[in-house]
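To start, the structure under review is shown below, and the notes come after it.
The values are calculated or read from the model by the stated rules, or taken from the named source; none is laboratory data. Note that this is a predicted model, so its numbers are computed, not measured. Note that each Cβ is placed from the backbone with ideal geometry, even for glycine, and that neighbours are counted across all protein chains shown.
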Amino acid sequence: MFMRTIGRRGIKPFLVCALSFVVPLANAQAPVTPAASEAPASSSEIEQLRRMILEQQRQIDELKRVMAGEKSSDSTVAAKPAAAATSAPSRGIGQIASTTPILPPLPAVTTLGTPLPVPQAAASAATAAANPCEADPDKTIPTFLRLGNICIVPIGFMDFTPFWRDKNAASSMGSNFGGVPYNNSAAGNLSEFHFSQQNSRLGFRIDGNWKGAHFIGYNEFDFNGTSGSTALAVSNGAIVPRLRLYWADVRKNKWEFLAGQSWSMLVPNRNGISALPGDLFFSQVVDINYIAGLTWTRQPGLRVLYHPNKKVTFGFSAEQPDQYIGGSAGGSGITLPSALSGLTSTQLDAAGNISGASYLGQPGYTPDFIAKLAFDYPRVHFEVAGIESNFKTTSLSAPFISHTTQGAGIEVGFNVLVTKNARFISNNFFSDGEGRYLFGQAPNLIVRADGSLSAVHSSSTIEGFEARMNKNNLLLYGYYSAIYIGRNAAFDTNGTSKIGYGVTPNTQNRVINEGTFGFNQTMWSSPRYGGINVMGQYEYLERSPWAISAGNPKQTHDNTIYFNIRYTLPGGMPNF
């Protein structure tokens with residue numbers, strides 16, 4: 001009869017009754033002290049009573065666990081539809097690190113089996129909050145970390161990159177676009193094969209909302225830094241980290257402000273004028289120097305953006321200047337007048353550095369000013385950008401006479417989704433005095449014999465496609481790109497020696513061409529464990545100088561093959 005009664009009414013009422021019976025006894029802290037007229041209890045009786053209390057407490061704990069288990073099952077079933085509705089959307093691996101969002105997306109975030117307890121007041125306040133980092137996180141496995149009221153996403157991947165080049169360009173993993181050796185040189189008759197881990201990256205992204213403003217902090221390192229060791233390939237590949245990005249961005253309503261080291265605003269965008277790597281176009285290639293003709297640099301600056309609506313963005317930035325005369329990344333430097341060669345060590349930047357000076361040791365006349373207008377539609381991104389720079393030098397001895405000149409350029413680009421999974425990309429750049437932004441392949445200016453300055457013309461183009469094969473998680477791409485550098489020559493004071501650019505044989509390039517294609521295959525990915533990708537790239541690079549010495553061919557070229565295995569950290573930012 002007793003068991004039939006429990007069966008009809010359920011076990012919960014019975015457990016409640018049993019719990020109410022034993023709780024008063026379990027809550028007793030010690031045996032009741034006997035009255036003065038009673039004999040004191042023996043030690044054996046006290047010990048027996050203590051054991052009874054402990055056994056009853058154990059039974060109470062067991063009953064509580066049983067009841068909590070039933071409630072958890074009920075709440076889990078009820079929570080599943082809501083969790084599915086509020087799960088974060090799938091995100092591409094490209095949003096986690098400096099790759100692009102065209103990569104195959106990660107699977108949707110999975111739900112937790114048992115919600116964690118949250119105080120009722122805190123839960124209602126979090127539900128009402130506009131900041132996703134303050135919302136109830138207990139229905140999903142978060143792809144981000146929470147610290148106070150901000151979200152933190154780890155950024156990074158680990159790369160292992162074997163590569164082969166049929167000429168010894170001595171440029172490490174990145175292509176030396178302007179310095180391909182000639183076949184009639186020793187380096188032109190040597191090939192190179194290496195392993196590299198330098199493109200691996202680490203960093204973090206911070207997001208939050210405060211008083212109606214959304215803020216982002218972004219930090220990223222790679223391992224392409226200059227090491228003090230000269231024996232990296234002998235006994236210990238102790239490569240050193242290098243700062244890539246370090247900036248903060250705040251947006252409220254239609255206005256946005258960014259400060260710090262970011263990709264220059266002259267870098268082509270895929271989306272708006274965002275500084276996030278996944279919203280930029282710097283190709284899908286494995287080559288860490290990207291592709292010839294890309295307008296880019298990473299440098300400190302300030303920018304202000306205005307968003308009149310969701311389709312249009314206007315931006316203005318002031319960025320780090322540089323009085324660059326060539327010599328970096330394989331690009332040739334200018335030929336200076338013999339009497340003014342000292343400008344290289346004091347006022348002009350050759351080969352990316354001033355001899356004997358520290359970083360930013362050269363003078364800077366004004367910041368580089370960049371303006372950009374971008375239009376975004378469901379299938380088309382279109383943009384136009386302009387840049388203006390100012391340069392100034394002074395004679396090396398009294399009387400001190402100063403000379404100035406200006407540089408200016410325009411960039412026009414678009415990114416069109418021609419089919420559901422394929423896009424066509426075009427970016428074009430024309431300038432006088434802005435060759436530094438072509439990865440240092442062209443100088444900004446030359447110096448004439450009287451000390452006056454003259455800007456050097458440079459231009460570039462990139463045409464390409466990117467296609468995603470959904471069924472195989474495969475990305476295919478191909479690009480053609482080119483750089484043209486104009487001749488700007490003059491005579492030295494003797495009237496016979498040529499100075500400027502386009503006068504030194506075999507080095508001062510007129511045209512640089514590149515054709516490249518490759519793939520990126522996602523082998524496996526999970527929002528909880530990250531992803532593994534296998535990549536490959538073939539690159540054909542050709543350069544043609546303005547002047548050719550006797551016995552040299554008119555041009556030279558090399559071939560490069562990259563292979564890369566990448567593990568990407570898990571993570572993704574919630575929608576704000």
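Hey, could you check segment 229-269 for residues that are among the small types (Gly, Ala, Ser) and modelled with pLDDT of 95 or more and say which is nearest to the chain's Cα centre (by Cα)? Result: Ser262. Would you confirm, using the coordinates I've provided, whether Phe195 is at pLDDT 90 or above, of a type outside the set (Asp, Glu) and either surrounded by 15 or more Cβ atoms within 10 Å (Cβ to Cβ) or in contact with a helix residue (DSSP H, G or I) (Cβ under 7 Å, 6 or more places away or on another chain) (or both)? Judged against the criteria, Phe195 is not a match.
Given the criteria in the same structural domain as Trp546 (by TED's automatic domain parsing), β-branched (Val, Ile, Thr) and under 27 Å from Asp159 (Cα atoms), does Thr522 qualify?
When the stated conditions are applied, Thr522 passes them.
Contact map, segment 328-349: residues that are assigned by TED's automatic domain parsing to the domain that holds Asn506 and within 16 Å of Pro545 (Cα to Cα) paired with residues that are among the hydroxyl-bearing types (Ser, Thr, Tyr) and not in a loop (DSSP other than H, G, I, E, B), Cβ distance under 6 Å, separation 6+ or inter-chain. Pairs shown: Ile334/Tyr501.
Only one of the numbered conditions (1) among the small types (Gly, Ala, Ser); (2) over 30 Å from Gln555 (Cβ atoms); (3) loosely packed, with under 14 Cβ neighbours inside 10 Å is violated by Gly208, and that is (3).
Every condition in (1) out of contact with any helix residue (DSSP H, G or I) (no Cβ under 8 Å at 6 or more places or on another chain); (2) within 23 Å of Tyr477 (Cβ to Cβ) holds for Ala233 except the one numbered (2).
You will find that of Ala135, Ala122, Ala129, the residue that is loosely packed, with under 14 Cβ neighbours inside 10 Å and either assigned by TED's automatic domain parsing to the domain that holds Glu539 or at pLDDT below 85 (or both) is Ala122 and no other.
Considered as a group, the residues in segment 381-411 that are among the hydrophobic types (A, V, I, L, M, F, W, C) and surrounded by 14 or more Cβ atoms within 10 Å (Cβ to Cβ) include one that is farthest from the chain's Cα centre (by Cα), and that residue is Leu396. Note on segment 429-483: residues that are part of a strand (DSSP E or B), of a type in the set (Gly, Ala, Ser), within 27 Å of the chain's Cα centre (by Cα) and surrounded by 24 or more Cβ atoms within 10 Å (Cβ to Cβ) amount to 1.
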